[in-house]
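These notes are about the structure you will find just below.
Each reported figure results from applying straightforward, stated rules to the coordinates on display, with no laboratory input. Because the structure is predicted, anything quoted here is derived from the model rather than measured. Here the Cβ positions follow ideal geometry from the backbone for every residue, glycine too, while neighbour counts run over all protein chains shown.
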Ligand SMILES: [Zn+2]
């Protein structure tokens with residue numbers, strides 16, 4: 001089937017109390033593994049395309065691979081730009097068939113974030129493409145934040161209402177203390193903020209940095225209105241660990257299929273566990 005509806009999938013998740021997983025793709029094997037498991041589990045799925053991965057794969061190759069996966073799929077597959085940084089990047093993706101976009105203006109002052117996001121929403125909505133925006137700063141685990149810095153990075157619920165109204169976005173990623181990469185210790189999520197933002201905006205919310213958040217916190221986030229969760233690091237680790245294991249056993253391996261095959265299988269296990277945790281199995 002053609003690419004699925006981003007807004008439709010997230011609204012359904014919000015209504016029925018589950019989250020759709022966004023799993024980032026880095027190559028053909030990631031794409032195959034993610035879409036195969038989504039089909040086995042009967043779950044809608046979002047393929048995340050970061051600017052770095054687009055650069056690595058080549059935008060034409062990435063679009064063609066994702067499109068082939070969607071066409072072969074019996075469940076909705078959505079190709080989503082992850083952390084798009086500029087209007088130009090968004091235009092490039094639209095030209096290559098993307099049907100949903102994240103514009104991340106969170107490193108700009110509030111007014112500039114609003115202006116950039118609004119411009120992207122106007123262009124995308126004219127084409128029936130949906131948009132996720134970000135408010136507050138979702139950093140990396142390497143950012144060792146002080147208490148004050150953490151507070152400054154978290155979403156301000158009052159700003160969230162103004163942001164949603166001014167931009168017309170379809171989903172919001174509010175910074176609530178999660179981070180990209182592997183956490184050192186237990187992540188500390190600001191659930192009170194999440195609840196407030198949900199109550200004030202009514203929009204589907206997105207949780208970034210899904211790797212390493214305890215299952216119970218994931219369930220709590222979904223109960224509080226998160227209907228999309230992004231996972232990348234866990235799949236990257238599973239993929240690379242599987243390749244390491246092949247070479248640990250036999251240094252003489254030279255056929256790429258002999259290590260990329262097991263790596264692809266390792267991603268399938270990781271994605272399956274997340275789909276079941278997020279409650280999206282059987283919702284596709
Ligand atoms: Zn992210």
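Based on a Kirkwood Rh over C-alpha pairs, give the Stokes-Einstein translational diffusion coefficient of the chain at 4 °C and viscosity 1.567 mPa s in µm²/s.
The diffusion coefficient I find is 68 µm²/s.
Using packing as a proxy for protection, rank 146-157, 28-39 so that the peptide with the highest average count of other Cβ atoms within 10 Å comes first.
28-39, 146-157
Over the stretch 35-81, what is the mean sequence separation of C-alpha contacts under 8 Å (at least six apart), divided by residue count, expressed as relative contact order in percent?
59 percent
Arranged by the count of other C-beta atoms within 10 angstrom, fewest first, what order do 6, 110, 247 take?
Ranked by crowding around the Cβ, least crowded first: 247, 110, 6.
Tell me the angle of helix 157-167 to the major Cα principal axis of the chain, expressed in degrees between 0 and 90 and rounded to the nearest ten.
80 degrees
Calculated from DSSP H runs of 4 or more alone, at -39500 (n - 2.57) each and per residue, what is the 222 nm mean residue ellipticity of the chain, nearest 500?
-16500 deg cm²/dmol
For a footprinting-style exposure proxy, rank 241, 255 by other Cβ within 10 Å, fewest first.
Ascending Cβ contact count within 10 Å gives the list 255, 241.
Enter the angle in degrees (range 0 to 90, nearest 10) between the Cα long axis of helix 110-126 and the first principal axis of the Cα atoms of the chain, meaning the one along which they spread out most.
Taking Cα atoms only, the helix is inclined about 60 degrees.
Arrange the following residues from fewest to most other Cβ atoms within 10 Å of their Cβ: 1, 89.
Ascending Cβ contact count within 10 Å gives the list 1, 89.
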